[in-house]
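The values are calculated or read from the model by the stated rules, or taken from the named source; none is laboratory data. All values reported here derive from a predicted model rather than from experimental measurement. We place every Cβ from the backbone using ideal geometry, glycine too, and count neighbours over all the protein chains shown. Note: accessible area is taken over every heavy atom of the protein model, side chains too, but ligands, DNA and RNA are not part of it. Shrake-Rupley method; radii C 1.70, N 1.55, O 1.52, S 1.80 Å.
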Amino acid sequence: MQHSEDHRWSKDVYASARCAGALLALLLLIDWGSGTLGWWRGTLWISLALLLFGVLCPARVRAGDGWLTSRRLLRTRRVRTDLLVSVRRLDGISPRLLLRDAFGARLEIDPQVLVANPDLWLRVDAGARKAAAAGTLTCGAMALSRLSEEIERENALGVFKASGLE
């Protein structure tokens with residue numbers, strides 16, 4: 001089965017682990033330097049570092065013909081892109097793309113994952129076009145077209161940078 005995935009995921013997981021490890025090292029060093037480090041405080045700092053890692057750890061996004069999945073540490077969400085019912089862009093501090101399919105499944109992803117991975121976007125777009133042609137996609141054509149424009153703009157900028165025409 002052919003599928004595409006987020007190529008930045010492993011780097012982002014590594015960066016999350018580095019941040020959590022740096023926090024843990026800093027907390028342990030400060031506690032040890034002040035002479036208050038004990039097993040219970042060490043356990044508290046380890047728990048805090050694990051919590052930070054859990055918050056920072058990105059979802060692993062994969063797409064195939066007619067599906068899109070997002071896997072986090074504790075759960076996996078999957079939608080059928082060829083049976084999408086709605087697509088909404090949730091703007092705010094952290095923009096999200098909310099997709100819902102005909103079976104009631106729901107998936108939230110960072111739109112930057114699709115911008116940074118054109119192969120993922122092509123699979124999602126192909127599924128959304130099938131859904132629109134079948135008449136199931138009733139809400140979200142505008143959100144998809146704005147995202148498509150953003151991806152095309154980023155790709156064009158990448159071509160210009162690579163050719164030295166910035």
Pairs only if they're at least six apart or on different chains, beta carbon under 6 angstrom, first in segment 56-67 and closer than 10 Å to residue 123 by Cα, second of a type in the set (Asp, Glu) and open to solvent by 10 Å² or more (accessible area, probe 1.4 Å); list them, first residue then second. 62/5; 66/82
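So that you can scan it fast, the table gives a plain yes or no per residue for (1) touching a Ser or Thr at 6+ places or on another chain (Cβ under 9 Å); (2) at pLDDT 95 or above; (3) of a type in the set (D, E, K, R):
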position	(1), (2), (3)
7	no, no, no
11	no, no, yes
41	no, no, yes
49	no, yes, no
67	yes, no, no
75	no, no, yes
82	yes, no, yes
94	no, no, no
Looking at segment 1-59, which of its residues are among the β-branched types (Val, Ile, Thr) and under 29 Å from the mean Cα position of the chain (by Cα)? 13, 46, 55
Looking at (1) in contact with a helix residue (DSSP H, G or I) (Cβ under 6 Å, 6 or more places away or on another chain); (2) surrounded by fewer than 15 Cβ atoms within 10 Å (Cβ to Cβ), which is the only condition residue 106 fails? (1)
Residues in segment 130-151: is at least one touching a residue at least 60 places away in the same chain (Cβ under 8 Å) and not in a strand (DSSP E or B)? yes
Scanning segment 47-83 for residues that are touching a strand residue (DSSP E or B) at 6+ places or on another chain (Cβ under 7 Å) and over 21 Å from residue 6 (Cα atoms) gives 83
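Go through segment 1-42 and report how many residues are in a loop (DSSP other than H, G, I, E, B), among the hydrophobic types (A, V, I, L, M, F, W, C) and buried (at least 16 other Cβ atoms within 10 Å of the Cβ).
Matching residues across segment 1-42 total 1.
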Looking only at segment 119-137, decide whether some residue is open to solvent by 70 Å² or more (accessible area, probe 1.4 Å), acidic (Asp, Glu), at pLDDT 85 or above and over 20 Å from residue 9 (Cα atoms). no
Looking at (1) touching a Leu at 6+ places or on another chain (Cβ under 7 Å); (2) of a type in the set (Asp, Glu); (3) more than 19 Å from residue 63 (Cα to Cα), find the lone condition where residue 108 falls short. (3)
